[in-house]
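The values are calculated or read from the model by the stated rules, or taken from the named source; none is laboratory data. Computed from a predicted structure; not experimentally measured. Using ideal geometry, Cβ is built from the backbone for each residue, glycine included, and neighbour counts are taken over all protein chains shown.
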Amino acid sequence: MRIVLTICVCVCAAQSVAAQTPGGWRGLTPLRSTRADVERVLGAPGGSCKCVYRTREEVVFVDYATGRCEGRSPGWNVPADTVLRFNVRPQVWRKFAELNLDENRLAKHYDDSLTAYYLDRDKGVEYEVSQDRMVTAVSYVPSTQDARLRCRGFVAEEWAVTTLPRFGLYTTTSFRNAISHLDSFALSLQNEPTMVGYIVAFAGGRTSRGEAMARANRARDYLVKKRGIDEGRVVAVYGGRRAAWVVELFILPKGRRP
């Protein structure tokens, strides 16, 4: 009985360690685990793609290779039915701050809805964070250690090229009407202290370069003096000429070339 108990404890401990392995979850790891491994852990899949798995705590979406260098997340030299990446969406969300992560180590980008994505390249873990700073999903992706499996002709990292969407724009000649756009811009900057705001003013029609920059500088002054944004985090830029004048707003990480 004592021997059996010892073996049981060792097996349970090993499973716990596997579940916490960098780049893995419940013993499943991108580029190493297969469809059979996933179904052994999560059961039969659902959805027309046969790639959706449901547990009591979360919904899991898995991208599988359809062949070497092929699949929804292409560019990995692994056989068909190998896990390329998977996304875990919990039923109960946690505050991002509770994870105690060093944000300076994480790559960051936004989608069109301004959901933030924090990527730990070394561990191959990406956190999806809502505007109210809740973790809505965690994705497990290839890590920097997997570069040797990258197919020829693909960028070294799947996330190497990041497109940051425009935050917003306004064309109103009334600065009072522009304030609602700038207030939303200020709120995002206040919630994201590692980001820098860019106000890009375009001349157009009869509007001169000087008038465009006057609009950009007035917007910058409002953000700094009225909304309390540090002046080093707001940049006014002349964008050139267009058919009609416009002011566009962008948010980029500190240190990112605009």
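Here are a few things to note about the model shown:
- Meets criteria (surrounded by fewer than 20 Cβ atoms within 10 Å (Cβ to Cβ) and closer than 15 Å to Glu126 by Cβ) for Arg72: no
- Here Pro22 does not qualify as under 30 Å from Asp132 (Cα atoms), of a type outside the set (Lys, Arg), at pLDDT 95 or above and part of a loop (DSSP other than H, G, I, E, B).
- Test: residue in the range 211-230 that is hydroxyl-bearing (Ser, Thr, Tyr), surrounded by 14 or more Cβ atoms within 10 Å (Cβ to Cβ), under 24 Å from the mean Cα position of the chain (by Cα) and modelled with pLDDT of 90 or more: no
- For Thr173: the one exception among (1) surrounded by 12 or more Cβ atoms within 10 Å (Cβ to Cβ); (2) over 29 Å from the mean Cα position of the chain (by Cα): (1)
- Residue within the range 83-92 that is farther than 19 Å from Pro193 by Cα, outside any strand (DSSP E or B) and touching a residue at least 40 places away in the same chain (Cβ under 8 Å) present: no
- Close Cβ contacts (under 6 Å, 6 or more residues apart or on different chains) running from residues in the range 42-65 that are within 15 Å of Val138 (Cα to Cα) to residues that are assigned to a loop (DSSP other than H, G, I, E, B) and among the small types (Gly, Ala, Ser) comprise Asp63/Ser73.
- Test: residue in the range 97-107 that is touching a residue at least 60 places away in the same chain (Cβ under 8 Å), in the same structural domain as Ser139 (by TED's automatic domain parsing) and in a strand (DSSP E or B): no
- Residue in the range 126-145 that is surrounded by the fewest Cβ atoms within 10 Å (Cβ to Cβ), counting only those that are within 24 Å of Glu192 (Cα to Cα) and aliphatic (A, V, I, L, M): Met134
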